[in-house]
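Step one of this worksheet: look at the structure below.
Nothing in this text is a laboratory measurement; each read-out follows from the coordinates by a stated rule. Source: prediction; values computed, not measured. Cβ atoms come from the backbone with ideal geometry, glycine included; neighbour counts cover every protein chain shown.
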Amino acid sequence: MLRSAVTLAALVAVLVVAIVAVPGASRAEGLTPGGYGWPLSPRPEVVRGFDPPAKRWLAGHRGVDLAAATGAPVFSAGSGVVHFAGVVAGKPVVSVMHPDGVLTTYEPVTATVSVGTTVVRGSLVGTVEGVHPGCVSACLHWGARRGAGSAARYLNPLALLGAVRVRLKPVGAVLAAGTAGGQARGWA
């Protein structure tokens, strides 16, 4: 019994080392800690940031544009299931649904996966096909949202990486209610 347990433990250790030590060509490098990583490798330049509209039906930029070359591999930002791989409004798009309810989208991307494929963070999902509207040269538009239809809420995909700093600033009425002699209580 002890001999088979030791053999099994050794086999598991060898498999873990083999999986971790041998990088696959279809996995992205430089993944961030946590559930999500960059969809391009190496870490790309953000050429256009997230600019959500004031009202959901108004114009805005519901994602970020990342500098990329045509043909660059695109990786799933997180583990999940391919939700869509096809053409929307003349542009090739890949979408991945993640277990936390976030749907990430990648465009213009020629898919190397099909709907229903299970992917892990860093799995190859396609290649950049060309220029996205608003970019001067080839780039990847990376979007994220939670929910669907009228309940959909677009998210800044950089927040999935922890790359967005949240700065809380007091609002006039809130600050006035908590002040004593012009200073907010408990604040230096």
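Overview of values
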| item | result |
| --- | --- |
| Between region 118-146 and region 41-64, the Cα center-to-center distance that results, in Å | 12 |
| Region 26-164 - Rg over Rh from alpha carbon coordinates, Kirkwood radius | 0.92 |
| Inter-site label distance for Val131 and Thr110 at 7 Å from Cα along Cβ, in nm | 1.9 |
| Proximal charge balance of Gly143 [Cβ under 13 Å; K/R count +1, D/E count -1] | +3 |
| Cα centre as origin, Lys/Arg/Asp/Glu Cβ charges: region 26-164 dipole, Debye | 380 |
| Separation in nanometres of the label points that stand 7 Å from Cα toward Cβ, at Phe84 and Ser150 | 2.0 |
